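Student: Right, I'll just put the structure down here and ask away after.
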There are 2 protein chains.
Amino acid sequence: MEASARAERSDGRRTRAAILRKAADLASVEGLSGLTIGRLATELGMSKSGVFAHFGSMEELQLAAIELAAGIYATEIVRPALREPPGAARLARLIDAFISYSERHVFPGGCFFGTTIVEFDSRPGRLRDRLARAQRDWIEVISGFLIEGRRIGDVEESADVGQLAFEISSVLTTADWLYNLHGDAEALARGRRAAMRTLSGALASPARASGLAAGPD
Amino acid sequence: MEASARAERSDGRRTRAAILRKAADLASVEGLSGLTIGRLATELGMSKSGVFAHFGSMEELQLAAIELAAGIYATEIVRPALREPPGAARLARLIDAFISYSERHVFPGGCFFGTTIVEFDSRPGRLRDRLARAQRDWIEVISGFLIEGRRIGDVEESADVGQLAFEISSVLTTADWLYNLHGDAEALARGRRAAMRTLSGALASPARASGLAAGPD
DNA sequence: CCTACCGATCGGTAGG
DNA sequence: CCTACCGATCGGTAGG
């Protein structure tokens, strides 16, 4: 009885996870508005009501897909950077991890947040609010790493952290959707080069001389 | 008879133009996929089939809306720049015209192409093909102005025109959707500053010293 | 997790 | 440019 109940809950969690992964993948291509319960059900070999029952409404499903995507983003991009020492090395790794995440098509339609944030930037509601928070979180990650770098002397005292985080995130996000639009890896190379040069311009002389953030450019 | 036929055609053109303007406005908020014939009809006080008859299919309507938006983009952003002399002044005006276009909400949901290009970057078909061309055209405008500037000595001989055009377009586009997402004009200020600094870094010393591209930053 | 169903809306057509 | 209509699909519900 206990074991069977646990197994049921475990199956339920697996099914729920499978639905959300499929939803996040689809949303990266067609947007969160492009999701339909019927299509998810067909692709997963389930009934519509079977999919629906896990979430109670389409919007709850969409919000849960955003949560899943945020976790994947943290794992694929932020975590690799955290394995590097603070400062220039960590920032360079963050940039490379984003480019790699885009290039490997972790989501089939490119960066989940690139697609969905632009989709909802002018559509008030819970989805926009959640996506706006995700965007602020990402800027906070970059800004936090820059502040950390400044504390240890890698980044110039006078660096405008907010402006730098804006510029680095801009060129990375744009590189991702340009890569998907034209199917041309040159966009990723341009994005990486721009982000690395922006970072490089903010480094104090010793860190810059060490070449940690310069890469093969 | 002649006059009446002309009047009819003229009314038809006006109706068609009204449909497309409404479609482009709606698409800037909800995307080209968010357009429905029923909603357009309701908002315009027409019947569904009345809207439909002008285009023959939803995709033709969407393609026509892209054409209209491309014209507005040319009028609002490229044309003001063409009124300036070639070189640093023209490039600075292009940047300011984009920021102004974003700030004035020429389209209610922000830059039409920012929304729709990201929407279709991974969805093969005629819409993506047309939007990809619009994106290349925009890069060509920026690149062309940079090459022109190089010819007259405003822009450094060694400038990497493709890379510069990528960087300038990246920060402008991102500024636009960030402005809409957070409702905060700081994003526009950051985008303008980043674009102007990128431009400034590519100017030959005499043009840079003249301060044409620096603005109030 | 399923079948069977609801009213609403979708793009598109017929006929005028 | 309209009314009237088509089959398909939408999110969601009832009942199990």
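Student: Could you tell me which residue of region B:165-186 is nearest to A:Asp184 (Cα to Cα), considering only residues that are assigned to a helix (DSSP H, G or I) and more than 8 Å from every other protein chain (Cβ to nearest Cβ)?
Tutor: Restricting to residues being assigned to a helix (DSSP H, G or I) and more than 8 Å from every other protein chain (Cβ to nearest Cβ), the top hit is B:Ala165.
Student: From A:Thr75, A:Thr115, grab the single residue that is crowded, with 24+ Cβ neighbours inside 10 Å and either of a type in the set (Val, Ile, Thr) or not in a loop (DSSP other than H, G, I, E, B) (or both). Break it down into steps so the answer makes sense when it comes.
Tutor: On the way: A:Thr75 fails: crowded, with 24+ Cβ neighbours inside 10 Å.
A:Thr115 is the lone residue from the list that is crowded, with 24+ Cβ neighbours inside 10 Å and either of a type in the set (Val, Ile, Thr) or not in a loop (DSSP other than H, G, I, E, B) (or both).
Student: Right, something else. Checking A:Ala69 against (1) crowded, with 18+ Cβ neighbours inside 10 Å; (2) within 16 Å of the chain's Cα centre (by Cα); (3) within 14 Å of chain B (Cβ to nearest Cβ); (4) closer than 27 Å to B:Ser28 by Cα, only one condition comes out false. Which one?
Tutor: (3)
Student: Answer yes if at least one residue in region B:76-90 is acidic (Asp, Glu) and closer than 30 Å to B:Arg208 by Cβ, and no otherwise.
Tutor: Checked region B:76-90: at least one residue is acidic (Asp, Glu) and closer than 30 Å to B:Arg208 by Cβ.
Student: Could you look through region A:55-65, keep only residues that are assigned to a helix (DSSP H, G or I) and surrounded by 19 or more Cβ atoms within 10 Å (Cβ to Cβ), and pick out the one that is nearest to DNA strand D (Cβ to nearest atom)?
Tutor: Initially, region A:55-65 is screened for residues assigned to a helix (DSSP H, G or I), giving A:58-65.
Checking which are surrounded by 19 or more Cβ atoms within 10 Å (Cβ to Cβ) leaves us with A:61-62, A:65.
Working: A:Leu61: 7, A:Gln62: 9, A:Ala65: 13 Å.
So the residue we want is A:Leu61.
Student: If you don't mind, there's one more thing I want to ask. Could you check how many residues of region B:190-203 are over 18 Å from A:Thr173 (Cα atoms), part of a helix (DSSP H, G or I) and touching a helix residue (DSSP H, G or I) at 6+ places or on another chain (Cβ under 8 Å)? Walk me through it before giving the result.
Tutor: The initial filter retains those residues of region B:190-203 that are over 18 Å from A:Thr173 (Cα atoms), namely B:193, B:196-197, B:199-203.
Imposing the further condition that a residue be part of a helix (DSSP H, G or I) reduces the set to B:193, B:196-197, B:199-202.
Then drop every residue that is not touching a helix residue (DSSP H, G or I) at 6+ places or on another chain (Cβ under 8 Å), which leaves B:193, B:196, B:199-200, B:202.
Count: 5.
Quick grid of which residues meet (1) in contact with a Leu (Cβ under 9 Å, 6 or more places away or on another chain); (2) at pLDDT 95 or above:
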residue: A:Thr116; (1), (2): yes, yes
residue: A:Asp129; (1), (2): no, yes
residue: A:Arg136; (1), (2): no, yes
residue: A:Ser143; (1), (2): yes, yes
residue: A:Gly149; (1), (2): yes, yes
residue: A:Glu157; (1), (2): no, yes
residue: A:Ala194; (1), (2): yes, yes
residue: A:Leu199; (1), (2): yes, yes
residue: A:Leu212; (1), (2): yes, no
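Student: A follow-up question, please. In region B:100-127, what residues are closer than 11 Å to A:Trp177 by Cβ and β-branched (Val, Ile, Thr)? Break it down into steps so the answer makes sense when it comes.
Tutor: Within region B:100-127, the first condition is being closer than 11 Å to A:Trp177 by Cβ, and the residues that meet it are B:114, B:117-122.
Of everything in region B:100-127, those that are closer than 11 Å to A:Trp177 by Cβ and β-branched (Val, Ile, Thr) turn out to be B:Ile117, B:Val118.
Student: Might you let me know whether region A:71-88 holds any residue that is away from DNA strand D (no atom under 16 Å from the Cβ) and polar (S, T, N, Q)? Give the derivation first.
Tutor: Residues of region A:71-88 away from DNA strand D (no atom under 16 Å from the Cβ): A:71-88.
Still in the running and polar (S, T, N, Q): A:75.
Yes, region A:71-88 contains a residue that is away from DNA strand D (no atom under 16 Å from the Cβ) and polar (S, T, N, Q).
Student: Looking only at region B:43-53, count every residue that is within 27 Å of A:Gly31 (Cα to Cα) and near DNA strand C (Cβ under 8 Å from one of its atoms) and tell me the total.
Tutor: Here the count works out to 2.
Student: Could you grab me the full set of residues in region B:78-89 that are touching a helix residue (DSSP H, G or I) at 6+ places or on another chain (Cβ under 7 Å) and under 11 Å from B:Leu199 (Cα atoms)?
Tutor: Once the filter is applied, which keeps residues that are touching a helix residue (DSSP H, G or I) at 6+ places or on another chain (Cβ under 7 Å) and under 11 Å from B:Leu199 (Cα atoms), region B:78-89 yields B:Gly87, B:Ala88.
Student: Taking B:Ile37 and the conditions (1) within 14 Å of chain A (Cβ to nearest Cβ); (2) surrounded by 16 or more Cβ atoms within 10 Å (Cβ to Cβ); (3) within 16 Å of DNA strand C (Cβ to nearest atom), which numbered condition does it fall short on, given that it satisfies the others?
Tutor: Just one mismatch for B:Ile37, condition (1).
Student: Continuing with this model, one more query. Can you tell which of A:Leu20, A:Leu91 is over 30 Å from A:Glu156 (Cα atoms), more than 14 Å from chain B (Cβ to nearest Cβ) and either more than 13 Å from DNA strand C (Cβ to nearest atom) or in a helix (DSSP H, G or I) (or both)? It would help to see each step written out before you state the result.
Tutor: On the way: A:Leu91 fails: over 30 Å from A:Glu156 (Cα atoms).
Going through A:Leu20, A:Leu91 in turn, the sole match is A:Leu20.
Student: Hey, another quick one. Given the criterion more than 13 Å from the chain's Cα centre (by Cα) and part of a helix (DSSP H, G or I), identify the matching residue among A:Ser122, A:Ser100, A:Ser49. Please lay out each step first, then the result.
Tutor: Details: A:Ser122 fails: part of a helix (DSSP H, G or I); A:Ser100 fails: more than 13 Å from the chain's Cα centre (by Cα).
The match here is A:Ser49.
Student: Then there's this: Say whether the condition of being more than 16 Å from DNA strand D (Cβ to nearest atom) and modelled with pLDDT of 95 or more is met by at least one residue in region A:31-54. Before you say what the answer is, go through the steps one by one.
Tutor: Taking region A:31-54 and keeping what is more than 16 Å from DNA strand D (Cβ to nearest atom), we get none.
No, every residue in region A:31-54 fails to be more than 16 Å from DNA strand D (Cβ to nearest atom) and modelled with pLDDT of 95 or more.
Student: So A:Gly162 passes all but one of these: (1) surrounded by fewer than 24 Cβ atoms within 10 Å (Cβ to Cβ); (2) assigned to a helix (DSSP H, G or I); (3) more than 8 Å from every other protein chain (Cβ to nearest Cβ). Which condition number does it fail?
Tutor: Against the list (1) surrounded by fewer than 24 Cβ atoms within 10 Å (Cβ to Cβ); (2) assigned to a helix (DSSP H, G or I); (3) more than 8 Å from every other protein chain (Cβ to nearest Cβ), A:Gly162 comes up short only on (3).
The values are calculated or read from the model by the stated rules, or taken from the named source; none is laboratory data. Please read these numbers as outputs of a predicted model, since none were measured by experiment. No Cβ is skipped: glycine too gets one built from the backbone with ideal geometry, and neighbour counts run over all protein chains shown.
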